[in-house]
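Asks: The structure that follows is given in the form of structure tokens.
The values are calculated or read from the model by the stated rules, or taken from the named source; none is laboratory data. What you see is a predicted model; the values in this text were computed from it and never measured. Cβ placement follows ideal geometry from the backbone for every residue including glycine, while neighbour counts extend to all protein chains displayed.
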Amino acid sequence: MAHRWRYEDSAGHPVAGPDLEFDDAAEAEAWFSDSWEELAGAGVHQVVLLDGDTKVYGPMGLDPA
């Protein structure tokens with residue numbers, strides 16, 4: 001299955017974000033590593049990594065600690 005990110009607000013509701021698919025979790029994580037600040041600036045507060053419709057992990061917050 002394809003890996004993808006689900007983008008959420010601080011309450012866990014879906015928000016718009018790049019509609020990308022990745023071959024594996026490592027590729028998705030590498031993209032996220034380069035993109036998280038831009039996502040946070042666009043109003044994404046947390047993300048969930050999915051493999052198809054199955055949650056791999058998350059939510060993972062993007063707000064500063």
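Asks: Hey, could you check the stretch 5-33 for residues that are farther than 25 Å from Pro64 by Cβ and not aliphatic (A, V, I, L, M) and say which is surrounded by the fewest Cβ atoms within 10 Å (Cβ to Cβ)? Reasoning before the result, please.
Replies: Filtering the stretch 5-33 down to residues farther than 25 Å from Pro64 by Cβ leaves 19, 21-24, 26-27.
Remaining after also requiring not aliphatic (A, V, I, L, M): 19, 21-24, 27.
Numbers: Asp19: 8, Glu21: 13, Phe22: 18, Asp23: 10, Asp24: 12, Glu27: 13.
Ranking the candidates gives Asp19 first.
Asks: List the residue pairs whose Cβ atoms are under 9 Å apart, where the first residue sits in the stretch 27-49 and is within 15 Å of Arg6 (Cα to Cα), the second is surrounded by 15 or more Cβ atoms within 10 Å (Cβ to Cβ) and among the basic types (Lys, Arg), and the two are 6 or more positions apart or on different chains.
Replies: Sorted first by the residue in the stretch 27-49, then by its partner, the pairs are Ala28/Arg4; Val47/Arg6; Val48/Arg6; Leu49/Arg4; Leu49/Arg6.
Asks: Can you spot a residue in the stretch 36-46 that is in contact with a Gly (Cβ under 6 Å, 6 or more places away or on another chain) and among the aromatic types (Phe, Trp, Tyr)?
Replies: No, the conditions are met nowhere in the stretch 36-46.
Asks: Being surrounded by 12 or more Cβ atoms within 10 Å (Cβ to Cβ) and on the phi > 0 side of the Ramachandran plot is the requirement here; does Gly58 meet it?
Replies: Working: surrounded by 12 or more Cβ atoms within 10 Å (Cβ to Cβ): yes; on the phi > 0 side of the Ramachandran plot: yes.
Yes: the conditions hold for Gly58.
Asks: Any residue at all in the stretch 50-60 that is small (Gly, Ala, Ser) and more than 14 Å from Arg4 (Cβ to Cβ)? Walk me through how you get there before you give the answer.
Replies: Of all residues in the stretch 50-60, those small (Gly, Ala, Ser) come to 52, 58.
From what is left, the residues that are more than 14 Å from Arg4 (Cβ to Cβ) are none.
No, because not a single residue in the stretch 50-60 is small (Gly, Ala, Ser) and more than 14 Å from Arg4 (Cβ to Cβ).
Asks: Hey, which of the strands (runs of 3 or more DSSP E) in the chain, taking only ones fully inside, have at least 1 residues that are aromatic (Phe, Trp, Tyr) and modelled with pLDDT of 95 or more?
Replies: Details: elements: 3-8, 46-51, 54-61.
Once the strands (runs of 3 or more DSSP E) in the chain are filtered for at least 1 residues that are aromatic (Phe, Trp, Tyr) and modelled with pLDDT of 95 or more, what remains is 3-8, 54-61.
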